[in-house]
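The values are calculated or read from the model by the stated rules, or taken from the named source; none is laboratory data. All values reported here derive from a predicted model rather than from experimental measurement. Glycine gets a Cβ as well: all are built from the backbone with ideal geometry, and neighbour counts include every protein chain shown. These accessible areas exclude ligands, DNA and RNA; they are computed on the full protein's heavy atoms, side chains included. Shrake-Rupley method; radii C 1.70, N 1.55, O 1.52, S 1.80 Å.
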Amino acid sequence: MRVAPRDALVADSTNAEVRGAAYGLRQSLDTIGAFLGPLAAFILMAASQNNFRLIFWLALIPGFFAVALLTVGVREPTTSETQENRSNPLQWQTLGSLGKGYWVLIAVALLFNLGNSSNAFLLLRAEQTGISASLIPLTLMVMNIAYSFSAYPLGILSDRVGKFGLLLGGFFLYALVYLGFAFVQTPWQVWGLFALYGLHLGMSKGLLLALVANSIPANLPGTAFGFLNLAVGLALLPASLLAGGLWQTLGAEATFITGTLFAIAAVLLLIINRKKYLQI
């Protein structure tokens, strides 16, 4: 209910020339909140002697502020379409108007995420290499720091040099990182791979959204982002089931090599259709 309308509102609120920066900033702020929130909860739990009720009451405060900001500061753009025309976008004619470039991006996202299994497998791999259980959560913090500090600058860069090449680089970096996890031997290598994984997120997450926003008619952002999230959601369960099955039967190396192969397949699909995106 939240993700697709949020991404659609970003598309409605920005010009095509700055959407890389806009989605990059959104990804950065979202990730900063993702690790500051649990850190604040940890500090408050220690200070309040594990008073769970107090923590949940305090957690309401930023939520109320977010709703208030959304209510006061965001307005949907006016449209010349009648309510009758807007009432049912799920028609073949409407979906067809999203364009071939959009559906290629959906196919790329689906293909890529079939190899993008749960981050739990990264944590299991970190444990295998000798990182202690108490330090394993910090690997995700390293990833999120790299993600949050890279997404906005790379978004700005994409508006200047083009989004296609950076997105391609982000997918290729993911392939290299997963290949690294397949053959990693020491803890220091794991820390570096988590940092590079965060950089991949900064290079790809926001830029994919910006490419989608620039590839669709202005009146269908909600439908477009809804189908994008549907494709990603459909891929996540089989991706993790496949990764777990490979881990159990062939070992961790097979899980990460398979993820690398899916990423390379997504890269190839993007390259084949590059002419559609080089100018956006």
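For the chain, list the DSSP H helices whose alpha carbon atoms reach 18 Å or more along the long axis and whose average Kyte-Doolittle value is 0.5 or above?
Result, helices passing both filters: 19-47, 52-73, 100-113, 136-161, 163-183, 187-215, 221-250, 252-272.
Could you work out the Rg to Rh ratio of segment 192-238, with Rh taken as the Kirkwood radius (inverse of the mean 1/r over all Cα pairs)? Could the numbers behind the result be given before it?
Values: Rg = 13.3 Å, Rh = 12.2 Å.
Result: Rg/Rh = 1.09.
Rg and Dmax in Å for segment 150-217, alpha carbons only: what are they?
Rg then Dmax for segment 150-217, in Å: 13.6, 49.
Which order do Tyr152, Tyr178 take by accessible area at a 1.4 Å probe, largest first?
Details: Tyr152 90, Tyr178 0 Å².
Accessible-area ranking of Tyr152, Tyr178, largest first: Tyr152, Tyr178.
Could you work out the helix-only [θ] at 222 nm for the chain, with each DSSP H run of four or more residues adding -39,500 (n - 2.57) and the total divided by the number of residues, to the nearest 500 deg cm²/dmol?
Only helices count here, giving -27000 deg cm²/dmol.
Take the solvent-accessible surface of the protein heavy atoms, probe 1.4 Å, and return the percent of it on segment 100-202 that carbon and sulfur atoms account for.
Ligands and nucleic acids excluded, carbon and sulfur give 73 percent.
Could you tell me the convex hull volume per residue, in Å³, taken over the Cα atoms of segment 172-280?
105 Å³
Roughly how many percent of the accessible protein surface of segment 205-277 is carbon and sulfur, given a 1.4 Å probe and a whole-percent answer?
Summing carbon and sulfur atoms, their accessible area is 71 percent of the total for segment 205-277.
Find, to one decimal place in angstroms, the Kirkwood hydrodynamic radius of the chain, where the mean of 1/r is taken over every pair of different Cα atoms and then inverted.
20.3 Å
Can you work out the accessible area per residue across the chain, with the rest of the protein chains kept in place, probe 1.4 Å, in square angstrom? The partial results should precede the final answer.
Numbers: 15220 Å² over 280 residues.
Computed with neighbouring chains in place, this is 54 Å² per residue.
Applying a 10 Å radius around every beta-carbon, put 251-259, 226-234 in order of their mean neighbour count, most first.
Ranking, from highest mean packing down: 251-259, 226-234.
Any idea of Leu135's accessible area? Nearest 10 Å², probe 1.4 Å.
70 Å²
Pop out the Kirkwood hydrodynamic radius of segment 1-61 from its pairwise C-alpha distances, inverse of mean 1/r, in Å to one decimal. Display every interim value, and only then the final one.
Working: mean 1/r = 0.0723 Å⁻¹.
13.8 Å is the Kirkwood radius here.
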